[in-house]
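Shown next, in structure tokens, is the structure this report addresses.
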Amino acid sequence: MTVAKDSFVAPKEHFSRASHVRSLEDYQRLYRQSLEAPEAFWGVQAQRLTWFHPPDSVREMNAEQVDFSWFGGGKLNVAYNCVDRHARERPGKTAILWAKNEPGEYQAITFRELQHHVGRMANVLKAHGVRKGDRVCVYLPMIPELAYTMLACARIGAVHSVVFAGFSAESLRERILDSGAKVLVTANEGPRGPKSVPTKAIADEAVEGLTQVTSVLVAQRTPREVPMVEGRDFWLNAEMARHRGVCPAEWMDAEDPLFILYTSGSTGKPKGVLHTTGGYLVYAATTHHYVFDVRPDDIHFCTADLGWVTGHSYLLYGPLANGTTTVLFESTPSYPDAGRLWKVVDDVKATVLYTAPTALRALIKEGDAWVKKSSRKSLRLLGSVGEPINPEVWRWYHDVVGEGRCPVVDTWWQTETGGILISPLPGATPCKPGSATLPFFGVEPVLMDDEGRVIEGNGVSGNLCLARSWPGQARTLYGHHQRFVETYYSRFPHLYFTGDGCRRDEDGYYWITGRVDDVLNVSGHRLGTAEVESALVAHEAVAEAAVVGFPHDIKGTGVCAFVTVKPDWLETSTEQMVGALKEQVRHVIGPIATPDRVVVVNGLPKTRSGKILRRMLRKIASGETESLGDTTTLADPAVLDELLEKSLPLR
Ligand code: ATP
Ligand code: MG
């Protein structure tokens with residue numbers, strides 16, 4: 001493993017020739033400048049946006065209060081930046097390319113059309129009493145109205161809180177209460193793959209008896225009739241038709257809130273992360289520009305749902321701020337078959353594909369034939385986000401999907417960071433499969449030991465922290481500033497603590513080793529979950545792996561691996577498989593990491609955004625099945641039954 005994962009993959013010459021940053025030396029020079037003179041650096045980046053009034057200062061902060069301000073005194077509007085200025089300069093250019101649930105069905109929305117729709121939607125919100133600073137909860141499938149609503153909120157200065165339209169009524173209600181939203185925007189239903197999410201029925205249950213919510217606006221995605229509550233529920237399409245497409249853009253302070261977004265809940269109760277206007281948009285636009293090496297004719301295909309931060313920053317705000325055509329994909333990579341993603345890529349001629357390791361692992365499992373029968377010649381760049389990408393999966397993405405032509409950017413960041421913090425720049429950074437490589441401009445990672453000391457030098461591991469503020473950073477947890485301070489700024493004073501463990505290798509490259517809460521301490525050795533999982537995934541039979549610790553009499557912590565196997569290997573006896581996988585880890589990492597138990601299952605528990613829920617597996621492996629914690633973030637509750645059944649002998 002060490003041999004394979006540490007070998008460099010050089011930037012592709014044909015790519016570097018035209019890229020914004022063309023060599024490692026250029027990156028290093030710019031990076032140094034960004035740290036030495038942050039005000040100058042970010043002052044220049046801020047000019048990507050159109051400001052109604054320029055900022056008076058770049059950066060101000062009060063470390064004691066954990067209070068950050070970027071571009072103070074600046075006035076701007078996010079919708080104006082993402083829509084109006086492009087509608088004026090390139091009205092006929094496609095802003096949003098909607099790929100509907102059914103294969104082959106597309107709708108292009110130009111910047112001019114987008115401006116009209118957003119204006120109408122903004123007027124509808126106003127007519128329903130929404131004012132600057134009010135919160136609007138959005139529970140919509142991946143339809144254009146979702147983008148219109150987010151941009152309309154931005155236009156009038158309302159704060160959107162988008163809740164992924166796969167969440168239960170209970171989760172939605174909790175988020176509506178926490179954000180204090182007065183208007184809820186939903187749809188009659190949301191087709192997704194072979195199924196349809198009854199969004200309106202779920203929304204009804206969520207707002208039952210809540211006087212706080214005065215209007216429910218219902219987009220009509222399909223002809224299906226749904227019960228409407230007189231005086232509370234309104235058909236969105238009819239409301240929009242009644243209003244003008246012209247609505248003035250509110251002059252917002254750079255530090256006015258733009259949105260609230262709840263984290264995935266991988267580690268516990270979701271947190272209502274608050275992002276503000278100027279810093280967020282400057283950061284989303286700048287990172288989108290450099291990391292995806294934007295070109296004017298790009299078709300940017302980010303497969304994330306708009307209900308996640310990846311959707312916010314790299315499906316909507318980043319690309320549209322830069323005037324890029326962005327793809328809004330309503331379906332799933334497996335509908336109607338495992339060739340769907342490649343069909344969309346070919347149909348829309350996507351130049352950039354940005355997806356998650358969980359999707360890639362699912363596709364690998366289905367075999368290469370699905371990929372190979374598509375053309376993919378439009379693609380020039382591939383991105384990954386959400387979880388550590390196993391080196392084996394990285395190679396598949398690079399070799400099979402990208403045919404060795406397209407650079408791969410493994411981007412590490414969080415809901416709280418607003419945008420990408422660690423990533424290669426595609427024309428400049430030599431990659432190592434499995435490493436997110438080097439920090440973005442202005443970002444200063446610091447590794448801390450458990451005693452709160454800085455770990456200097458290379459070839460070291462520790463708690464990943466960030467030493468200085470960056471424009472896209474979350475300012476608070478909505479209504480809970482103390483929790484914000486405690487969660488991110490108290491473990492290591494004056495440093496932002498990410499919660500992730502990280503290794504900085506001999507070359508200064510960063511490797512996310514997993515959540516620090518999940519780190520295994522086996523006989524005094526610290527093992528990251530990602531390392532052991534990647535060793536397992538490197539075995540040809542394994543589709544996915546999740547590794548957790550459990551109390552062990554002798555070692556302190558034992559290693560328990562949950563794995564799913566590829567279809568061709570389902571016939572292999574469990575005993576054989578378990579033996580082979582223990583041997584695999586012993587061989588790749590060493591005897592210390594050899595799993596004490598290997599459990600072969602049909603599915604792993606995941607959040608609705610596709611991340612493995614190790615905290616749940618840890619409880620199961622430890623026999624603490626009575627206290628599994630918050631199970632509402634679980635995407636498929638059925639996997640739990642199998643896990644509990646198969647894990648019974650473990651106890
Ligand atoms: P919660 O904070 O509620 O537990 P979450 O951390 O899963 O949920 P997100 O903000 O969606 O919520 O995810 C950010 C986390 O995802 C990171 O802290 C990291 O653990 C993981 N992650 C994201 N991108 C990468 C990447 N490229 N490599 C490794 N890990 C990644
Ligand atoms: Mg997190």
Cβ contacts < 6 Å: first residue over 16 Å from W235 (Cβ atoms), restricted to segment 199-220; second residue part of a helix (DSSP H, G or I), any location; separation 6+ or different chain. Result?
I202/A169; E205/A169; A206/A169; A206/L172; A206/R173; V213/V207
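Considering G434, G419, which residue is under 29 Å from G279 (Cα atoms) and crowded, with 23+ Cβ neighbours inside 10 Å? Outline the logic, then answer.
Working: G434 fails: under 29 Å from G279 (Cα atoms).
Within the list G434, G419, the selection yields G419.
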Qualifying strands (runs of 3 or more DSSP E) (wholly inside segment 237-339; at least 3 residues being closer than 29 Å to L30 by Cβ and out of contact with any Pro (no Cβ under 7 Å at 6 or more places or on another chain)):
299-302
All but one of (1) within 15 Å of ligand 1 (Cβ to nearest atom); (2) in a strand (DSSP E or B); (3) surrounded by fewer than 24 Cβ atoms within 10 Å (Cβ to Cβ) hold for F234; which doesn't?
(1)
Scan segment 515-533 and give yes if some residue there is among the hydroxyl-bearing types (S, T, Y), in contact (Cβ under 8 Å) with a residue 60 or more places away in the chain and within 14 Å of ligand 2 (Cβ to nearest atom), otherwise no.
no
Please enumerate the residues belonging to segment 176-187 that are surrounded by 22 or more Cβ atoms within 10 Å (Cβ to Cβ) and part of a loop (DSSP other than H, G, I, E, B).
A181
Within the set of pairs 6 or more residues apart or between chains, which connect a residue that is without any contact (Cβ under 8 Å) to a residue 60 or more places away in the chain inside segment 54-65 to a residue that is assigned to a strand (DSSP E or B) and surrounded by 14 or more Cβ atoms within 10 Å (Cβ to Cβ) with Cβ atoms less than 6 Å apart?
E60/S69
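Does segment 629-647 include one or more residues that are more than 23 Å from E540 (Cβ to Cβ), assigned to a loop (DSSP other than H, G, I, E, B) and small (G, A, S)?
Just the residues of segment 629-647 that are more than 23 Å from E540 (Cβ to Cβ), to begin with: 629-645, 647.
Those still in the list that are assigned to a loop (DSSP other than H, G, I, E, B) too: 629-633, 635-637.
So of that shortlist, the ones also small (G, A, S) come out as 629, 635.
Checking segment 629-647: at least one residue is more than 23 Å from E540 (Cβ to Cβ), assigned to a loop (DSSP other than H, G, I, E, B) and small (G, A, S).
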Please tell me if L604 is touching a His at 6+ places or on another chain (Cβ under 7 Å), closer than 22 Å to G514 by Cβ and modelled with pLDDT of 95 or more.
no
Of all residues in segment 376-399, which are closer than 22 Å to V542 by Cβ, of a type in the set (D, E, K, R) and more than 10 Å from ligand 1 (Cβ to nearest atom)?
E392, R395, D399
Residue in segment 566-586 that is in contact (Cβ under 8 Å) with a residue 12 or more places away in the chain, part of a strand (DSSP E or B) and among the aliphatic types (A, V, I, L, M) present
no
Considering only residues that are in contact with a Phe, Trp or Tyr (Cβ under 7 Å, 6 or more places away or on another chain) and within 16 Å of ligand 1 (Cβ to nearest atom), look in segment 247-272 and name the one that is nearest to G418 (Cα to Cα).
I260
Taking strands (runs of 3 or more DSSP E) that fall entirely within segment 486-545, which contain at least 1 residues that are more than 11 Å from ligand 1 (Cβ to nearest atom)?
496-504, 520-522, 525-527
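Let's see how each residue does on (1) over 30 Å from I420 (Cβ atoms); (2) modelled with pLDDT of 95 or more:
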| residue | (1), (2) |
| --- | --- |
| S534 | no, yes |
| V547 | no, yes |
| T572 | yes, no |
| T594 | yes, yes |
So, in segment 394-415, exactly how many residues are closer than 20 Å to K606 by Cα and surrounded by fewer than 24 Cβ atoms within 10 Å (Cβ to Cβ)?
2
Across segment 444-468, what is the number of residues that are in contact with a Phe, Trp or Tyr (Cβ under 6 Å, 6 or more places away or on another chain) and of a type in the set (A, V, I, L, M)?
2
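Can you tell me how many residues within segment 70-87 are in contact with an Asp or Glu (Cβ under 7 Å, 6 or more places away or on another chain) and either buried (at least 22 other Cβ atoms within 10 Å of the Cβ) or within 11 Å of F111 (Cα to Cα) (or both)? Please lay out each step first, then the result.
Let us first name the residues in segment 70-87 that are in contact with an Asp or Glu (Cβ under 7 Å, 6 or more places away or on another chain), namely 72-73, 75, 77.
If we keep only those that are either buried (at least 22 other Cβ atoms within 10 Å of the Cβ) or within 11 Å of F111 (Cα to Cα) (or both) as well, we get 77.
Total satisfying the criteria: 1.
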Cβ pairs under 7 Å, 6+ apart or interchain, first in segment 252-277 and over 14 Å from R483 (Cβ atoms) and within 11 Å of ligand 2 (Cβ to nearest atom), second part of a loop (DSSP other than H, G, I, E, B) and of a type in the set (D, E), ordered by first then second residue, are G265/D630
Determine which member of the set A436, A428 is among the small types (G, A, S), within 16 Å of ligand 2 (Cβ to nearest atom) and modelled with pLDDT of 95 or more.
A436
I'm told N463 meets every condition in (1) crowded, with 19+ Cβ neighbours inside 10 Å; (2) away from ligand 2 (no atom under 16 Å from the Cβ) except one. Can you identify the failing condition by its number?
(2)
Of all helices (runs of 4 or more DSSP H) completely enclosed by segment 7-54, which ones contain at least 2 residues that are more than 17 Å from D293 (Cβ to Cβ)?
24-36, 38-45
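The values are calculated or read from the model by the stated rules, or taken from the named source; none is laboratory data. Note that the coordinates shown come from a computational prediction; the quantities given were computed from them, not determined experimentally. So basically every Cβ, Gly included, is an ideal-geometry build from the backbone, and we count neighbours across all protein chains shown.
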